Amino acid sequence: MERTNAMQQETMTLPIERKVIVKEQDKATEERHPNFIESNTQAITLKDLTEKNIIPTFSDNSLTISHQNFIGAVTKVANNVFGELTPVECRVSHPIIGRVPSAQHKKAYELLESEKTVFYQRMAFVCHVLDLAREINGQTVNLCIGGVRAYNEDKLYSRRSPMKFKVFVGWQVKVCSNLMLTCDGNSGSIECMTEADIMQKTLELYNGFEPRMDETLQRLENLHDTPISEELFCKIIGRMRLYQALPTNTQKELPPLTLGDSTVNAMVKNYVTNDNFGKRIGQDITCWNFLQLANEAVKQTYIDKFLDRNQNCTDFSMGIQKAIEGTDTEGYSWFIN
């Protein structure tokens, strides 16, 4: 509570353009409700996730930590650190479909709903902190928390062992639900045996991010100050494609880039068609636009790879900014020369 109060007091000292925004919701945006991830995922309510899905076990029949319990552990910590949260938005993929033993001899079309079983191998969720919204480069952004779980990363074929989770906190652009993750807001893969382990590691992540969250916002905002001409954009895109074909040893000498050809192609399409961040007649885009074009493209990534690629978009965009400004020391200049 003391931490939350201190954070609210700090917010009151922010410049006027970055104070908490209180205004009527944009109805068109609400109706469109852009997803934070798309790919082959589908939406599911927390209630359905809890009531209509089985919980897989290890080979010794000991329970895994369920998706809903993972969500509960993360949101409980987030509520204590940051304050009240919006309802959880949850996306799942890779369903594992089964049936109850009494229906083992039935044909598929004869199965009753009560005789079907399912659990989803991969799950991602997000929710916003209600009282933490800012405006950055003309767009509303919200502080967003969430997590990712993929059973395919756990050794379910053996006895109970540590399970892998990913937790994140960062800023999200409201108009498109693009996440903007930085390394200090992404836990990476954490191994936990209990919900208490999840809560402890989540708390460590949030406590490390909270003191720097406005500094992170400022760094993202500064991306708008660096223009990228169409010629330079084409050069960067070409180098991104070339990177994928380089020998492994050569790639290791350059900054990491996890965005494949399909993502790069989507960025190019968005550059031409995206109303919010694409090109406009007589205007250059900026590194901020470049970041959003990349973030929009990685929404087609599978859930288990989504966070790492999303963070890579932020790292890459900030690296390109340094290369353009002549302050690069990490090798990003290769992408613009």
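Restricting the search to the stretch 97-156, which residues are in contact with a Leu (Cβ under 9 Å, 6 or more places away or on another chain) and without any contact (Cβ under 8 Å) to a residue 12 or more places away in the chain? Residue satisfying the conditions is 106 alone. Restricted to helices (runs of 4 or more DSSP H) entirely inside the stretch 240-337, those with at least 1 residues that are over 20 Å from residue 174 (Cα atoms) are 248-252, 261-273, 303-325. Scan the stretch 93-101 and tell me whether some residue there is farther than 21 Å from residue 197 by Cβ and under 18 Å from the mean Cα position of the chain (by Cα). Within the stretch 93-101, one or more residues are farther than 21 Å from residue 197 by Cβ and under 18 Å from the mean Cα position of the chain (by Cα). Report yes if some residue within the stretch 209-226 is farther than 16 Å from residue 71 by Cβ and of a type in the set (Ser, Thr, Tyr); otherwise report no. Yes, the stretch 209-226 has at least one match.
If we scan the stretch 310-317, do we find a residue that is over 27 Å from residue 149 (Cβ atoms) and surrounded by fewer than 24 Cβ atoms within 10 Å (Cβ to Cβ)? Scanning the stretch 310-317 turns up no residue that is over 27 Å from residue 149 (Cβ atoms) and surrounded by fewer than 24 Cβ atoms within 10 Å (Cβ to Cβ). The set of residues in the stretch 46-84 being basic (Lys, Arg) and either within 26 Å of residue 97 (Cα to Cα) or without any contact (Cβ under 8 Å) to a residue 24 or more places away in the chain (or both) consists of 47, 52. The number of residues in the stretch 141-160 that are crowded, with 17+ Cβ neighbours inside 10 Å and aromatic (Phe, Trp, Tyr) comes to 1. Please specify each residue of the stretch 80-120 satisfying the condition of being buried (at least 16 other Cβ atoms within 10 Å of the Cβ) and of a type in the set (S, T, N, Q). Listed by number, the list holds a single entry, 93.
Would you pick out the residues in the stretch 278-308 that are closer than 18 Å to residue 34 by Cβ and without any contact (Cβ under 8 Å) to a residue 60 or more places away in the chain? 278, 293, 294, 297, 298, listed by residue number.
Taking the criterion of being crowded, with 24+ Cβ neighbours inside 10 Å and of a type in the set (A, V, I, L, M, F, W, C), the residues of the stretch 175-190 that qualify are 179, 180, 181. Among the criteria (1) closer than 18 Å to residue 189 by Cα; (2) surrounded by fewer than 19 Cβ atoms within 10 Å (Cβ to Cβ); (3) of a type outside the set (Ser, Thr, Tyr), the one residue 322 does not fulfil is (1). Each residue in the stretch 157-181 was checked for being touching a Leu at 6+ places or on another chain (Cβ under 8 Å) and aromatic (Phe, Trp, Tyr), and 2 pass. Among the residues of the stretch 166-174, not a single one is within 16 Å of residue 55 (Cα to Cα), in contact (Cβ under 8 Å) with a residue 24 or more places away in the chain, basic (Lys, Arg) and outside the structural domain of residue 319 (by TED's automatic domain parsing).
Which of the residues that make up the stretch 242-267 are more than 14 Å from residue 294 (Cβ to Cβ) and of a type in the set (Asp, Glu)? Selection gives 253 alone.
The values are calculated or read from the model by the stated rules, or taken from the named source; none is laboratory data. None of the values given here were measured: they were computed from a predicted structure. Because the Cβ atoms are built from the backbone with ideal geometry, glycine has one as well, and the counts that use them run over all protein chains shown.
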